[in-house]
Amino acid sequence: MPARSIAAALCLLLGACAAPPATTPPAGALAMAWSAPLPHGGQRAALRDWWSGFDDPQVAALIDAAQRANPTLAQAAARVAESRALAQAAGSSRWPTLDANASAVRSRSVLPPAGAIQTTSGATLDALWEIDLFGAVRQGVAAAEARADASRAQWHDARVSLAAEVAATYVGLRSCEAVLAVYEEDAASLQQTADLVGQKVRAGFDAPANGALARASAAEAVNRVAAQQTECELAVRQLVQLTATSEPALREQLLPQRARLPQPSSFEVAAVPAAVLSQRPDLAAAERNIVAAAAEVGAAQADRFPRLSLSGSIGRASIRSGGQTFDGTTWSFGPGLLMPLFDGGRRRANVDAAQARYDGAMAAYRERALAAVREVEEALLRLDAAGRREADAERAAQGYGEFLAAAQTQWQVGVGSLLDLEQARRAALAADAGLIQVRRERVSAWVQLYKTVGGAWQADDDTTTR
């Protein structure tokens with residue numbers, strides 16, 4: 001990312017570094033025009049569309065399976081439902097409450113006439129409405145709604161992170177399988193060499209030391225294959241966990257593309273526009289947390305002022321005693337005023353605590369903004385570096401392969417030594433594995449770039465390249 005893009009990002013995301021008023025969020029956070037407060041609008045299909053740019057349909061299929069069944073995402077969705085319910089409960093405080101009460105009591109009195117049975121019954125409707133003079137209720141509602149927005153952004157952040165983790169794990173599995181295929185081919189070749197050298201040693205045409213070297217090389221290759229197989233098995237187990245799919249079904253699904261590294265349609269990225277960073281759901285969540293914290297400061301301050309409420313009641317009562325019945329209607333209505341006088345500093349401390357949470361939310365926002373710039377920069381650097389290294393890695397693998405073929409021919413005709421052949425084989429093996437690793441790093445950097453820009457950006461999207 002050019003320096004100007006980084007500077008623009010910092011201005012956009014950290015434009016509110018100056019201390020704002022105590023009860024309002026930073027101007028930069030609110031003025032920021034979120035082009036996608038929730039990337040993809042929260043639609044699973046849009047997430048799948050981005051991954052369809054890979055030439056391997058398994059990438060999108062595995063991510064879709066994880067989006068449907070991953071427990072971590074289910075927990076995030078549950079938190080969204082909880083925050084929405086809390087926001088709805090807070091919003092109900094703006095309206096009057098109405099309660100119905102009914103009672104019936106039967107008693108025996110010692111007053112004349114002695115032993116008389118008395119029955120008292122009644123029903124009332126009680127109403128209470130707190131007048132929001134200083135905005136305590138309004139600020140509390142605003143805070144709850146902002147927290148709900150933040151939890152929804154965090155849910156989407158979890159979805160984007162999950163998609164990237166599944167893709168990275170899948171890329172790791174395929175590169176592991178590709179390396180395993182190289183190791184298996186090498187092990188088979190070394191076993192053939194060991195068998196041939198053993199025959200020569202027994203016939204007296206080769207030294208016993210060469211036989212020991214050939215057997216050691218073959219054993220080392222088998223050990224290398226076993227270790228690589230373990231790594232691949234671990235990657236499969238991780239995909240099972242992420243997608244919540246049964247292992248047999250997943251293995252059958254993975255089989256057709258074995259050892260084939262998925263590739264996106266294009267790696268071409270000149271720069272990432274700074275405005276794209278506003279699409280990151282973690283930044284959206286941090287911004288909404290600032291709004292919520294600012295509202296909570298206002299609510300805590302309003303709690304230090306008088307509270308006015310209106311209450312009323314209307315009902316019907318009946319008393320039956322000694323064969324006589326008395327009934328009628330009752331009602332009451334009037335205002336009530338609560339004036340805080342002394343609380344030992346509790347309300348002042350609540351304001352200070354709310355202000356501290358606000359300051360913490362501001363610091364968290366700035367931290368995430370700085371991290372966003374750094375993460376995008378790192379992903380672009382890794383993508384560019386892997387692209388430049390791939391050509392050199394290809395030339396190295398090709399050159400060492402040709403050298404190994406020449407060494408193999410020389411050894412077979414009795415010109416070269418077995419030691420030279422083994423050195424050539426090791427160099428070629430390392431070059432082949434290195435080429436696979438570089439290609440994996442390039443695809444992994446592309447996946448990481450998807451995550452760092454919030455999961456909404458596409459390389460061919462004209463609105464993000466202007």
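Structural remarks
- Region 60-101 - percent of accessible surface contributed by carbon and sulfur, probe 1.4 Å: 58
- In this rough spin-label picture, where each label sits 7 Å from Cα along the Cβ direction, the residue 398-residue 356 distance is 6.5 nm.
- Nonpolar atom fraction for region 184-320, defined as the carbon and sulfur part of the 1.4 Å probe accessible area, stands at 54 percent.
- Karplus-derived 3J(HN,Hα), 6.51/-1.76/1.60, for each residue of region 399-406, Hz, glycine and proline x: x, 5, x, 5, 5, 5, 4, 5
- Placing unit charges on each Cβ (+1 for Lys and Arg, -1 for Asp and Glu) gives region 61-179 a dipole about its Cα centre, and among 144, 170, 124 the Cα reaching farthest toward its positive end belongs to 124.
- Region 226-341 - accessible surface per residue (Å², probe 1.4 Å): 53
- Length released on extending from residue 210 to residue 86, taking residue separation times 0.36 nm less the Cα-Cα span: 37.0 nm
- Added length on full extension, which subtracts the Cα-Cα distance from 0.36 nm per residue, residue 234 to residue 346: 34.9 nm
- Using heavy atoms of the protein chains and a probe of 1.4 Å, the accessible area assigned to residue 409 is about 80 Å².
- Between residue 118 and residue 408, residue separation times 0.36 nm minus the direct Cα-Cα distance comes to 92.9 nm.
- Magnitude of the charge dipole for region 267-368, about its Cα centre and with charges confined to Cβ atoms of Lys, Arg (+1) and Asp, Glu (-1), is about 420 debye.
- Point-to-point label distance, residue 308-residue 226, nm (Cα→Cβ direction, 7 Å offset): 8.5
- Protein-only accessible surface at a 1.4 angstrom probe places the residues 52, 444 in the order 52, 444, largest first.
- The accessible area of residue 318, taken with all protein chains in place and a 1.4 Å probe, comes to roughly 30 Å².
- Relative to the Cα centre, the charge distribution of region 110-229, modelled as +1 at Lys and Arg Cβ and -1 at Asp and Glu Cβ, gives a dipole magnitude of about 340 debye.
- Residues of region 370-424: accessible area per residue with a 1.4 Å probe, Å²: 58
- Taking amide H as placed 1.01 Å from N in the peptide plane, the amide H of residue 206 sits under 5 Å from that of 201, each at least 5 places away or on another chain.
- Surface composition of region 129-172: carbon plus sulfur atoms hold 54% of the accessible area, using a 1.4 angstrom probe and ignoring ligands, DNA and RNA.
- Karplus-derived HN-Hα couplings along region 214-219 (A = 6.51, B = -1.76, C = 1.60, θ = phi - 60°), whole Hz, x at Gly and Pro: 5, 5, 5, 5, 5, 5
- Per-residue HN-Hα couplings for region 436-448 [Karplus 6.51, -1.76, 1.60; θ = phi - 60°; Hz; x = Gly/Pro]: 4, 5, 5, 5, 5, 4, 5, 5, 5, 5, 5, 5, 5
- When only the Cβ of Lys, Arg, Asp and Glu is charged (+1, +1, -1, -1), the dipole of region 49-172 relative to its Cα centre reaches about 780 debye.
The values are calculated or read from the model by the stated rules, or taken from the named source; none is laboratory data. Computed from a predicted structure; not experimentally measured. For neighbour counting, all protein chains shown are included, and Cβ atoms are generated from backbone atoms with ideal geometry for every residue, glycine included. Accessible surface areas use protein heavy atoms only, side chains included; no ligands, DNA or RNA. Shrake-Rupley method; radii C 1.70, N 1.55, O 1.52, S 1.80 Å.
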